[in-house]
Amino acid sequence: MAEATDKLLSRRDVQFCLHDWLNIGETTDAETVDAIIDLSARLAEEHFLSHYKASDTHEPSLDADGVHILPQIGEALGHYADAGLFAAGFAEELGGFDLPFLACAASFAHFAAANVATAAYPMLTAANARLIAAFGSPAQVEAFARPQIAGEWFGTMCLSEPQAGSSLAEIRTRAQPDGEDELGQRYRLQGNKMWISGGDQDVSGNIVHLVLAKVPGIDGKLPDGTAGLSLFIAPKILPDGARNDVSVAGLNHKMGYRGTANCLLNFGENNGAIGWLVGQPGEGLRQMFMMMNEARISVGLGAAALGYRSYLLSLQYAQERLQGRPMGVRDGEPVAIIHHPDVRRMLLSQKAYAEGSLALCLYCAKLVDAHGDPDSTALLDLLTPIAKTWPSEYGLAANDIAIQIHGGYGYTREFHVEQLWRDNRLNPIHEGTTGIQAMDLLGRKILRDGSALPLLKAKLEAAAKRAESIEELRGLAPSMLQAWSAIEACLQQLSDRPAERAFDNATPFLWAFGHVVLGWIWLEQAVTAARLDRSAETQAHFAEGKIRACRHFFDSELPKVAAWLCAVEAGSDTAATAPIETF
Amino acid sequence: MKILVPVKRVIDYNLKPRIKADGSGVDLANIKMSMNPFDEIALEEAVRIKEAGKAEEVVAVSIGPAKAGSDTLKSARAIGADRAIHVETDEEVEPLAVAKILKAIVDEEQPQLVIMGKQAIDDDNNQTGQMLAALLGRPQGTFASKVEIDGDHVAVTREVDGGLETVRLALPAVVTTDLRLNEPRFPALPNIIKAAKKPMSTKSPADYGVDTAPRLKTLKVAEPPVRQAGEIVPDVDTLVAKLKAMGAV
C-alpha cells in the first residue's frame, strides 16, 4: 500500500511503472532516473504543495503594470529552474539534459499532483520551447527557446480567440508582413487571443507568446479554413528592450487552476505587435499538430496526478476518521471508515482510476520516446485521445469520490479535495474537449486510417496470453478480448453507415474504447505485479493491491463497455436528430 | 586540503519502519533508502568548505551493498563529492569494523579532515566517529553545529547538554555532525547527470584486511509497545489513589 509519507504519488507505484513494467533502465541509467524522481518529489512537496491553498485564494490580479501572481509561485518556479528541470527533456546542444520523455513525464506528474496551476507555467514553457526548437531558425532558437530552457523566460500558446475555441478555422488574428531581420520574416499582428494561460505574470524575465494568425491575401482578406494559419513568435519584451504591442484586456476568473493567470490578450492595439514567422507561412496548424501528442499526454498526466493525490488523501482520511461500527455490531468503539465495505469499494475504484490513468500516460510517454519506430508512432496516435480523455474523466471521478469519502469535510475549503476536483474539472475541456477527442479517435484515428487497430489488438492478445499463464489472473483476459471483439463488431457496423451519421455516438464509443484500453493497461500491470518477488510482506501487499485493482476494474468497469456500445451499435440518432424545439 | 566523508545508506527518514513478521529485523524490500541525514549534513558541510576555497577535494565513502554504491554514492557525487569509494559488502558491518575500514582508507587517502554524521538513523549507535578518531590517534570534535577551518586548525562548536562548547582541533581531525550544522541542498539535475561521470572505485572489506564478522547478535526486533489511552480523573485524590493502585507511587 502507499506509504503515509507519499503525499503526491506513491513512490513504489512510480518505480513499479518505470522499472518493473516499462523497463526504463534499458534506455536510461536507472539510478539517475530514481534520483530525478526523488528530487522532483521533494521539490514538489516543499515548494509547490506548500502554496496550493494560497494560490487558490489569492487569484492573479491586474493593474496598470500588468498581471501580478502570488510571489510563492515565482519562488517555486525559481527552484524548478535552479534544479535544471525546465531543461530536462531538451537536447544537450540546447542546454538540456536529453532525458527521455518518460522520465520527464514521471517527474512532472509530481509537480502536477502538488500544484497543477503552478506546474502549468513550466509545462507551457517547455511546449513553447519545443516548438521553436523543432521549427524555428537557429537565430530564433537562440533568442527565444534557450532562455525558456534555462527557465528564465516563460512561454504561452496563443491559439483560441473569443469566437474561435475548438474550431481554429475561425481565427481572425491578422499578420501583416513588416520586412525581415536577423530573427526572420517580421510581421505585425493584430487580434484578440482568449484563454491564454500564463498570458501575463510578474515572475519571469520575459514572456514568449506563440501566436496562430493568418496572413491576408492580396485582396486583403484572411484565407478561410485552417490551411492559412501560420505560427509567430511575439515576445512581451522585444530584443531591443522595448515593450511589444501586446496588452492584457482582462483576466478570466476560473473555478480551478487559479494560480495560472488566464488572460484575454490584445495584440496590436497600437501599431501591431511584432511577431516573427516560425518556419513557412501556412504551416502553423501542422506544426502545432506535431506537438499535439505530447501536449495531450501532458494534460492526461496532470489529470491522472490530480486524481492520484485525491486518492492518497482519501486513503489516509479513511484510516483516521472514526465513524460507525461494523455491520451487526452495536456497541464498542467506533471504527475507522475504511472498515466499511462501501468505503473500500470507493477507494478501490479510485485506485483503479488513478493508478490506471498514470500507467496509461506513462506507457504513452514511452511510445513518444520510441518515435523512430513507425509501429510505436501509429499506436501512440491511436492511444493519444484516450490518454488525454480517460484520465481527464476518470481522474476527475477519483476526485469526486475523494469528496464523498471525506463527507461534509470534503465539501469544505479547509480540505484539499474540493480544490483538486475544481482543478481537474478543466482537463476534459482544454487541449481538445472530450467530444473533440471522440471525433479524433473515431474519425482520424480509426475510420480514416485504422491501420493502428491491429497493433493494439496484438498488444491486448499478448497481454491476455501472459495473464492466462498466471494462476491468479486466469479468467480475466477472456472478458477483455470479448470487449475488444464487441468494439470490432461495432466498427464494422459504423463503416457501413452514412458518413454524416457515423459520429452521432462518437463519445460513448470513446468511453467504450477507453475502458477496453484501460482493461489492457490493468492486465499489463497485474501480470507485472504477479511476477514480482513477493517474499517480503510489503511487496506482497503491493502486488496484491495491483491485482485486486485489476480484478475490480474487470468486475465493475469493463461490463460498462457493452452498455456504451449499445447506442453506438443500434445507430441511435434519438439525440442527434432531436429538433431543437424538443429540448 | 582533502576531506573524507563517510556516508551510510539507511531507510529513508520519512518512512515508518515495518518489522518483519519473524522479528528478525526491519523489512527493507523495495523500501525507499536514502543517505543517512546526518551524513548528508556532513557532506553538505564538506562541499561548502570546498566552495569557500578551503579544500580542494571531497571524497565520499560508503560501506554496504551494491546499492550503496549505485544510489547513495551517486547522490553524494550529485551533491558535490568529487569521487567516491565504495566498500561493497552485503553483511551487516558494526561500528568498530566500519571504523577499522575507514582507518585503512584514511591511511591511504591522507585526508586532513574526516566529517561524518554523529550517528546513523537506523541503528542509532553514535560510535563510529569516536572509534575512528581513537584508532587514528587524531583529535575529534563531535556533535558539531558549526565548523570553521582556520589554517591548520578547525574550530568546532559542539551541542552539549549545557549549551554550546567550542573546541579547537589541530588538523588532521575527525568531526561528527549534529542536525543544526546546515541545511543540505537538493542535488540539481545537471549535477545528478554529471555524478555518473565522476569516478568511483569499488573495494571489499578484505582489501583493507578488516574482519567484519559481527561481534553482536540480534535476538529480536519488535515494535515499541502501543501507547495506552489516557484517562481524565476528577481530582488529585483520585489521581493519587490510581497511582498507588498501579504501584507508581
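The values are calculated or read from the model by the stated rules, or taken from the named source; none is laboratory data. Just so it is clear, the model here is predicted, and its values are computed rather than measured. Here the Cβ is made from the backbone with ideal geometry for all residues, glycine too, and neighbour counts use every protein chain on show. Note: areas computed on protein heavy atoms with side chains; ligands, DNA, RNA excluded. Shrake-Rupley method; radii C 1.70, N 1.55, O 1.52, S 1.80 Å.
Quick look at the values:
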item	result
Scope region A:31-48; condition more than 8 Å from chain B (Cβ to nearest Cβ), over 12 Å from A:LEU9 (Cα atoms) and either more than 24 Å from the chain's Cα centre (by Cα) or open to solvent by less than 30 Å² (accessible area, probe 1.4 Å) (or both); matching residues	A:VAL33, A:PHE48
Single residue of region A:12-30 satisfying the filter (within 11 Å of chain B (Cβ to nearest Cβ) and open to solvent by 50 Å² or more (accessible area, probe 1.4 Å)) that is modelled with the highest pLDDT	A:ASP20
Tally, over region A:49-92, of residues that are part of a helix (DSSP H, G or I) and more than 11 Å from chain B (Cβ to nearest Cβ)	17
Residue that is farthest from the other protein chains (Cβ to nearest Cβ), among those in region B:3-31 that are under 17 Å from B:LEU73 (Cβ atoms) and not β-branched (Val, Ile, Thr)	B:LEU4
Pick from region A:144-171, criterion among the hydroxyl-bearing types (Ser, Thr, Tyr) and surrounded by fewer than 17 Cβ atoms within 10 Å (Cβ to Cβ), ranking: nearest to A:PHE97 (Cα to Cα)	A:SER166
Of all residues making up region B:199-216, the number that are within 23 Å of B:LYS74 (Cβ to Cβ), in a loop (DSSP other than H, G, I, E, B) and open to solvent by less than 70 Å² (accessible area, probe 1.4 Å)	1
Filtered residues of region B:167-198 (kept if away from every other protein chain (no Cβ under 14 Å) and not in a loop (DSSP other than H, G, I, E, B))	B:VAL167, B:ARG168, B:LEU169, B:ALA170, B:ALA173, B:VAL174, B:VAL175, B:THR176, B:THR177
Hits in region A:530-546 (condition: surrounded by 20 or more Cβ atoms within 10 Å (Cβ to Cβ) and away from chain B (no Cβ under 12 Å))	A:ALA530, A:LYS546
Residue among A:ARG448, A:ARG413, A:ARG422 that is among the basic types (Lys, Arg) and open to solvent by less than 70 Å² (accessible area, probe 1.4 Å)	A:ARG422
Whichever residue in region B:23-51 is open to solvent by 60 Å² or more (accessible area, probe 1.4 Å) and under 14 Å from A:THR538 (Cα atoms) and, among such residues, is modelled with the lowest pLDDT	B:ASN30
Wholly within region A:206-322, strands (runs of 3 or more DSSP E) carrying at least 2 residues that are among the small types (Gly, Ala, Ser) and either open to solvent by less than 20 Å² (accessible area, probe 1.4 Å) or farther than 30 Å from A:HIS340 by Cα (or both)	A:229-235, A:246-251, A:273-277
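This table checks each residue for (1) open to solvent by less than 20 Å² (accessible area, probe 1.4 Å); (2) among the charged types (D, E, K, R).
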| position | (1), (2) |
| --- | --- |
| B:SER70 | no, no |
| B:ILE85 | yes, no |
| B:LYS100 | no, yes |
| B:ALA104 | no, no |
| B:GLN127 | no, no |
| B:LYS146 | no, yes |
